[in-house]
Amino acid sequence: MTSKWTSESIPDLTGKNAVVTGASSGIGYETARALARKGARVVLACRSKDKGEAAVRQITQEYPEAIARFMLLDLADLASVRRFANEFAQHHDTLDILINNAGIMKTPFGKTADGFELQLGTNHLGHFALTGLVSGLLVRTPLARVVMVSSWGHQVGVIDFDNLNAEKGYDAGRAYSQSKLANLLFAYELQRRFVSAGRDTIAAAAHPGWTKTNLAVHWPMVRTLNPFIGQEPEMGAWPTLYAATAAGVQGGDYYGPSSWGGLRGYPTRVRSSDRSYDTAVAFRLWTVSEELTGVHYVWDVAR
Ligand SMILES: NC(=O)c1ccc[n+]([C@@H]2O[C@H](COP(=O)([O-])OP(=O)(O)OC[C@H]3O[C@@H](n4cnc5c(N)ncnc54)[C@H](OP(=O)(O)O)[C@@H]3O)[C@@H](O)[C@H]2O)c1
């Protein structure tokens with residue numbers, strides 16, 4: 001089904017609006033580059049103006065026809081997420097592709113501007129708020145897609161509702177796995193809500209296997225092994241790009257690399273952990289995320 005699919009296989013995206021979070025480096029940059037190359041109007045949503053503008057310059061130098069622009073988005077600050085969504089809505093009537101890619105991993109204990117544990121706050125709650133705030137545009141755009149970028153790490157993740165913000169102790173690895181499980185629970189719950197509301201928007205998910213990027217700044221072992229095991233960011237972006245653009249993708253699908261036990265290779269449909277399909281946990285996480293962020297999805301009939 002997905003054998004030998006690469007970013008070359010992406011269909012023409014002329015006229016489509018796309019947003020990629022965390023597009024200043026790694027998988028997000030390659031995702032934005034591939035979408036722009038195929039004609040999409042791409043917004044690189046990044047927390048650093050300098051890095052975001054540099055990424056746009058790099059893309060437009062390589063592909064002079066590309067329509068790419070930087071917009072400031074700090075997922076660890078809900079005021080920034082709201083500013084981004086408002087500004088985006090001022091300039092766009094539609095949103096065809098939203099790629100929730102940005103992420104941090106195994107960071108020392110920290111809090112977002114709103115007091116959330118940093119990894120859950122950035123990787124999950126920031127994206128929950130962003131998606132909700134732009135979801136009016138998504139549902140009004142025919143066959144729009146949302147892609148959550150998760151990780152193999154979700155497999156060992158558990159949502160600890162009694163310690164969501166690390167009030168009772170912090171473990172950097174557990175917090176990362178929790179946030180990546182939250183990405184999947186959110187994607188699948190979002191898909192169920194799109195269906196319940198009679199919308200044709202698709203929510204899917206992807207993971208990049210093991211990809212050589214800046215992600216492992218706080219994990220020396222992964223940094224050491226990156227040159228030997230990690231695949232290039234261009235390949236790491238394929239599962240995301242497949243979920244975002246390939247024909248036949250269904251809401252609730254999850255894509256990842258097909259070789260080396262899922263660490264690298266061409267994208268294929270994969271199964272996530274049993275816990276990620278737990279609808280009761282997903283429902284509860286959604287409710288808690290609404291409470292914490294204050295963001296409600298206006299079209300959501302389950303509200
Ligand atoms: N690399 C892998 O092997 C691997 C494996 C599994 C899953 N993933 C997932 O892949 C995604 C992309 O990571 P990557 O590997 O490409 O790492 P990366 O090169 O470090 O890219 C992460 C991106 O997220 C951005 N970001 C971090 N915090 C942010 C915030 N508060 N607001 C907005 N943007 C923020 C970073 O911005 P700055 O440039 O400003 O830091 C950067 O653009 C992540 O969700 C990660 O969990 C990666």
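The values are calculated or read from the model by the stated rules, or taken from the named source; none is laboratory data. Quick caveat, the model's predicted, so the values are computed rather than measured. We place every Cβ from the backbone using ideal geometry, glycine too, and count neighbours over all the protein chains shown.
Take Ile27 and decide whether it is crowded, with 21+ Cβ neighbours inside 10 Å, at pLDDT 95 or above and not polar (S, T, N, Q). It is true that Ile27 is crowded, with 21+ Cβ neighbours inside 10 Å, at pLDDT 95 or above and not polar (S, T, N, Q). Looking at the stretch 1-116, the strands (runs of 3 or more DSSP E) lying wholly inside it that each contain 2 or more residues that are of a type outside the set (Asp, Glu) and free of Cβ contacts under 8 Å to residues at least 40 places away in the same chain sit at 41-46, 67-72. When residues in the stretch 182-215 are screened for being free of Cβ contacts under 8 Å to residues at least 60 places away in the same chain and aliphatic (A, V, I, L, M), 5 of them pass.
Candidates are the residues of the stretch 225-238 that are touching a residue at least 60 places away in the same chain (Cβ under 8 Å) and within 8 Å of the ligand (Cβ to nearest atom); the one that is surrounded by the most Cβ atoms within 10 Å (Cβ to Cβ) is Gly236.
One line per residue, one yes/no per condition, for (1) surrounded by 24 or more Cβ atoms within 10 Å (Cβ to Cβ); (2) within 16 Å of the ligand (Cβ to nearest atom); (3) more than 15 Å from the chain's Cα centre (by Cα); (4) among the basic types (Lys, Arg):
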position	(1), (2), (3), (4)
Thr141	no, no, yes, no
Gln155	no, yes, yes, no
Gly173	no, yes, yes, no
Phe186	yes, yes, no, no
Pro208	yes, yes, no, no
His218	no, yes, yes, no
Arg223	no, yes, yes, yes
Thr240	yes, yes, no, no
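The set of residues in the stretch 32-59 that are surrounded by 24 or more Cβ atoms within 10 Å (Cβ to Cβ), of a type outside the set (Gly, Ala, Ser) and near the ligand (Cβ under 10 Å from one of its atoms) comprises Leu44, Cys46. Going by the conditions given, is Ala203 more than 11 Å from the ligand (Cβ to nearest atom), within 22 Å of the chain's Cα centre (by Cα) and among the small types (Gly, Ala, Ser)? Yes, satisfied.
Confirm whether Thr245 is in contact (Cβ under 8 Å) with a residue 40 or more places away in the chain, within 20 Å of the chain's Cα centre (by Cα) and within 26 Å of Arg37 (Cβ to Cβ). It would help to see each step written out before you state the result.
Working: in contact (Cβ under 8 Å) with a residue 40 or more places away in the chain: yes; within 20 Å of the chain's Cα centre (by Cα): yes; within 26 Å of Arg37 (Cβ to Cβ): yes.
So Thr245 passes the test.
Has the stretch 196-208 got at least one residue that is modelled with pLDDT under 95, touching a strand residue (DSSP E or B) at 6+ places or on another chain (Cβ under 7 Å) and not in a helix (DSSP H, G or I)?
Within the stretch 196-208, the subset modelled with pLDDT under 95 is none.
The answer is no, given that none of the residues of the stretch 196-208 is modelled with pLDDT under 95, touching a strand residue (DSSP E or B) at 6+ places or on another chain (Cβ under 7 Å) and not in a helix (DSSP H, G or I).
The residues on offer are Tyr29, Tyr63, and the sole one that is more than 22 Å from Gly132 (Cβ to Cβ), among the aromatic types (Phe, Trp, Tyr) and within 13 Å of the ligand (Cβ to nearest atom) is Tyr29.
Restricting attention to the stretch 117-131, does a residue exist that is buried (at least 16 other Cβ atoms within 10 Å of the Cβ), at pLDDT 95 or above, charged (D, E, K, R) and under 14 Å from Ala205 (Cα atoms)? No; the residues of the stretch 117-131 include none that is buried (at least 16 other Cβ atoms within 10 Å of the Cβ), at pLDDT 95 or above, charged (D, E, K, R) and under 14 Å from Ala205 (Cα atoms). Residues considered: Val301, Val270, Val288, Val281. Of these, the only one that is modelled with pLDDT under 95 and either within 14 Å of the ligand (Cβ to nearest atom) or surrounded by fewer than 19 Cβ atoms within 10 Å (Cβ to Cβ) (or both) is Val301.
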